[in-house]
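Trainee: Please see the structure below; I have some questions.
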């Protein structure tokens, strides 16, 4: 799918994320259109859709266009919003055998349409702002490179909790995010203290006044990640913020302890 804009490196700016726990009609239509462009036949899409819906294909529809294509349009409208993303994952896996960049095309659409998801290794995962992606994805990668597998795993689990469908595991995301930061801080200091204790006993761990921000974030995670308050559930945006903050601070500590990457 080469084009002038891609050859020249031009692209539309990312739209503000406004679609996450839904799959509007325009998104469903765009996915079907993208699948056709990537070499899928309507009968292939119908088979996947019928599998998700536990339905048998309509035997009276035998021609790809317009009969089966019309059936595909009706079937995808029957999917619950989260099943649409299941459908995308299954197509992404099947597209590997076709040699087409289905995942890349879907991700391009998600960015310009303001969809807060992305396809990574054929799995739908949460997508945040560019700053969030840089902080968390690069933070996780850096931790893995620096052999801090436990902290990297905790950040991964935080992202997985944010990505759960139909409902994200918000308190779990907060808990895993702070566990990642605590793990790196313990390793840097060489202590088994909690993160709150590490901050109080090691004034130079974070620059001022960032240390106060981290201490308050730790207190927040205690209330909304580990010890929930009845009637005050944390919101998705709050969990996303905590995961992003953790990613930035984990990367900072790892770089400060080991020196810059070569």
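Trainee: Quick one: which of 99, 114 is exposed (fewer than 15 other Cβ atoms within 10 Å of the Cβ), at positive phi and touching a residue at least 12 places away in the same chain (Cβ under 8 Å)?
Mentor: On inspection, the qualifying residue turns out to be 114.
Trainee: Just checking, which of 46, 73, 12 is closer than 15 Å to residue 105 by Cβ and either in the same structural domain as residue 122 (by TED's automatic domain parsing) or within 23 Å of the chain's Cα centre (by Cα) (or both)?
Mentor: It is 12.
Trainee: On to the next question. Pairs, please: C-beta under 6 Å, at least 6 apart or cross-chain, first residue without any contact (Cβ under 8 Å) to a residue 60 or more places away in the chain and in region 150-175, second outside any helix (DSSP H, G or I)?
Mentor: Going by the 6 Å Cβ cut-off, the qualifying pairs are 163/125; 163/126.
Trainee: Being in contact with a helix residue (DSSP H, G or I) (Cβ under 9 Å, 6 or more places away or on another chain) and on the phi < 0 side of the Ramachandran plot is true for just one of 83, 130. Which residue is that?
Mentor: 83
Trainee: Can you go through 35, 69, 92, 15 and tell me which one is over 20 Å from residue 166 (Cα atoms) and without any contact (Cβ under 8 Å) to a residue 40 or more places away in the chain?
Mentor: None of the other options fit; the residue is 69.
Trainee: Which condition number does residue 209 fail, the rest of (1) without any contact (Cβ under 8 Å) to a residue 40 or more places away in the chain; (2) surrounded by fewer than 18 Cβ atoms within 10 Å (Cβ to Cβ); (3) in contact with a helix residue (DSSP H, G or I) (Cβ under 8 Å, 6 or more places away or on another chain); (4) farther than 18 Å from residue 239 by Cα being met?
Mentor: Here residue 209 meets the rest and fails (3).
Trainee: With respect to the numbered conditions (1) under 18 Å from residue 113 (Cα atoms); (2) in a loop (DSSP other than H, G, I, E, B); (3) touching a residue at least 24 places away in the same chain (Cβ under 8 Å), which one is the sole condition not fulfilled by residue 10?
Mentor: (3) is the only condition that residue 10 fails.
Trainee: So, one more: So is residue 106 touching a strand residue (DSSP E or B) at 6+ places or on another chain (Cβ under 8 Å) and either without any contact (Cβ under 8 Å) to a residue 12 or more places away in the chain or buried (at least 19 other Cβ atoms within 10 Å of the Cβ) (or both) or not?
Mentor: yes
Trainee: Being under 18 Å from residue 82 (Cα atoms) and assigned to a helix (DSSP H, G or I) is the filter here, so list the residues in region 48-69 that pass it.
Mentor: 48, 49, 50, 51, 52, 53
The values are calculated or read from the model by the stated rules, or taken from the named source; none is laboratory data. Given the structure is predicted, the values throughout are model-derived calculations rather than measurements. Positions of Cβ are backbone-derived with ideal geometry, glycine not excepted, and every protein chain shown enters the neighbour counts.
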